[in-house]
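*Asks:* Pasting in a structure now, in structure tokens, and then I'll have a few things to ask.
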């Protein structure tokens with residue numbers, strides 16, 4: 001395992017899950033005070049951004065609910081009430097150390113729309129210039145999809161790329177990634193270093209077990225892959241461990257360290273891979289799969305065996321093998337109806353169907369990026 005040297009890390013994204021900020025479903029004010037004290041110490045020499053869960057849990061308490069709500073409307077109500085309470089706690093904690101905080105609520109559209117993406121990045125940079133600490137959350141009150149997915153891990157991965165972070169720390173209620181579920185297998189061992197997120201690594205991840213949060217190890221591993229593609233390493237640690245952030249940054253062997261890509265994906269490829277939601281899916285044969293993954297070529301209609309969903313030319317779509325295993329995402333060169341007409345056809349046949357000046361590719365190579373299906377991501 002490479003030596004952990006964080007001495008040159010200046011810009012850090014720290015994500016706190018609900019399980020870290022609560023105890024038996026209630027907000028843990030004592031542990032919160034300890035965490036923010038450590039963060040204030042780190043902020044003396046580093047630029048911090050926090051992606052913080054906890055708003056729904058605080059809202060549940062304030063509304064007097066017996067547990068985490070099940071319906072979308074109740075979750076939205078709890079988030080609306082709790083977000084202000086959460087920010088008030090952060091403001092009080094950091095003001096004592098001389099820092100101000102800034103609330104940033106993001107939705108999927110802030111990443112998928114280029115103008116909004118750049119505007120968000122400028123806002124972060126301005127906050128860093130004024131030594132403010134951004135507190136980021138999904139805009140749960142109005143964003144149906146974000147509440148449905150409940151995925152602040154993914155948000156943290158996207159924010160890391162957005163601001164050009166040097167490190168992403170995901171503070172969870174487990175010690176890191178294990179060879180098996182440590183709550184079920186006493187022989188499970190913590191994995192200290194992951195060079196790259198592979199299908200085998202993804203198989204080790206499971207779902208949420210806390211009852212108060214919605215993310216699990218699968219979403220954390222996905223966030224690490226998202227950050228790695230932007231050139232940002234990730235560490236998953238147990239946020240309940242005393243002084244875990246200070247000890248981690250000092251080089252102690254805690255959690256699971258995920259390495260970053262030596263050659264990060266371009267901003268456009270990251271946008272294709274993580275900021276867009278698929279509106280359809282193409283099932284292709286083995287020859288087409290190899291052409292995309294091995295030969296790095298465009299996807300041609302001749303290899304398409306099935307077209308699922310309704311989409312227009314330019315919409316994001318996933319590409320899967322015949323068993324439905326997604327391996328790429330791209331922008332459709334044709335709408336769904338035209339792709340159904342030309343699926344399995346060669347160029348000379350396509351011209352007869354679509355006419356002169358037709359686009360030869362189903363998805364052009366420049367509009368393709370290798371991409372397994374994100375956890376719990378439906379077609380829209």
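*Asks:* What nm value, rounded to one decimal, do you get for the distance between residue 114 and residue 358 when each label is placed 7 Å out toward the C-beta?
*Replies:* 2.9 nm
*Asks:* Also, I was wondering about something else. Based on the Cβ-Cβ distance from residue 306 to residue 72, what FRET efficiency comes out when R0 is 41 Å, to the nearest 0.05?
*Replies:* In this case the efficiency is close to 0.80.
*Asks:* Cα gyration tensor of the range 231-295, axes a ≥ b ≥ c as square roots of the eigenvalues: rounded (a/c below 1.5), prolate (a/b > b/c) or oblate? If you can, show how the numbers build up before the last one.
*Replies:* Working: a/c = 2.92, a/b = 2.60, b/c = 1.12.
Taking the square roots of the gyration eigenvalues as a ≥ b ≥ c, the range 231-295 is prolate.
*Asks:* Got the relative contact order for the chain handy, in percent, Cα pairs under 8 Å and 6 or more residues apart?
*Replies:* On the way: 770 pairs, mean separation 55.8, N = 380.
Worked out over the chain, it gives 15 percent.
*Asks:* To continue, here is another question. Hey, how many Å between the Cα centroid of the range 72-143 and the Cα centroid of the range 222-290?
*Replies:* For the range 72-143 versus the range 222-290, the Cα centre distance is 22 Å.
*Asks:* Using a basic spin-label model with each label point 7 Å from the Cα along Cα→Cβ, how many nm lie between residue 268 and residue 41?
*Replies:* Label at residue 268, label at residue 41, 4.6 nm between them.
*Asks:* Here's a follow-up. Relative contact order for the range 1-96: what percent, with Cα pairs under 8 Å and sequence separation of 6 or more? Don't skip to the end; give the middle numbers.
*Replies:* Details: 108 pairs, mean separation 28.5, N = 96.
This gives 30 percent for the range 1-96.
*Asks:* Which residue, 56, 326, 221, tops the fluctuation ranking in a GNM of the chain built on C-alpha contacts under 10 Å?
*Replies:* Among 56, 326, 221, the largest mean-square fluctuation in the Gaussian network model of the chain belongs to 326.
*Asks:* I've got another one for you. Of 159, 235, how do they rank once you tally other Cβ atoms within 10 Å and put the fewest first? Show your work: numbers first, answer last.
*Replies:* Values: 159 29, 235 22.
Neighbour counts put them in this order, fewest first: 235, 159.
*Asks:* Going 7 Å from the Cα of residue 97 toward and past its Cβ, which residues in the range 1-30 have a backbone nitrogen under 19 Å from where you end up?
*Replies:* Under 19 Å, as judged by backbone N against the label point of residue 97, lie 6-17, 20-22, 28-30 of the range 1-30.
*Asks:* Moving on to the next point. Explain nothing, just the number: relative contact order of the range 278-370, from Cα pairs under 8 Å at least 6 residues apart, as a whole percent.
*Replies:* Numbers: 199 pairs, mean separation 31.0, N = 93.
In percent, rounded to a whole number, it is 33.
*Asks:* Using only the Cα atoms of the range 41-107, build the gyration tensor, take square roots of its eigenvalues as a ≥ b ≥ c, and label the shape rounded, prolate or oblate: rounded if a/c is under 1.5, else prolate if a/b is larger than b/c, else oblate. Let's see the in-between values first.
*Replies:* Values: a/c = 3.12, a/b = 2.21, b/c = 1.41.
Note, shape of the range 41-107 comes out prolate.
*Asks:* Let me make sure I get this right: for the chain, a, b and c are the square roots of the gyration tensor eigenvalues over alpha carbons, sorted descending. Under 1.5 in a/c it's rounded, otherwise prolate if a/b > b/c, else oblate. Which is it? Don't skip to the answer; put the middle values down first.
*Replies:* Details: a/c = 1.94, a/b = 1.78, b/c = 1.09.
Verdict is prolate for the chain.
*Asks:* Between residue 340 and residue 293, 0.36 nm times their residue separation minus their Cα-Cα distance comes to what? Could the numbers behind the result be given before it?
*Replies:* Numbers: separation 47, 0.36 × 47 = 16.92 nm, distance 2.29 nm.
Residue separation times 0.36 nm, minus the Cα-Cα distance, leaves 14.6 nm.
*Asks:* Any idea what angle helix 29-43 forms with the longest principal axis of the chain, computed on alpha-carbon atoms, 0 to 90 degrees, nearest 10?
*Replies:* 70 degrees
*Asks:* Going by how many other Cβ atoms sit within 10 Å of their own, how do 70, 296, 75, 240 line up, fewest first? Show your work: numbers first, answer last.
*Replies:* Working: 70 7, 296 10, 75 21, 240 18.
Listing 70, 296, 75, 240 from fewest to most nearby Cβ atoms yields 70, 296, 240, 75.
*Asks:* Taking the number of other C-beta atoms within 10 Å as the exposure measure, put 201, 30, 236, 170 in order starting with the fewest.
*Replies:* With the sparsest Cβ surroundings first, the list reads 30, 201, 236, 170.
Each value in this text was obtained by applying a stated rule to the coordinates, not by laboratory testing. Given the structure is predicted, the values throughout are model-derived calculations rather than measurements. All Cβ positions, even for glycine, are placed from backbone atoms using ideal geometry, and neighbour counts span all protein chains on display.
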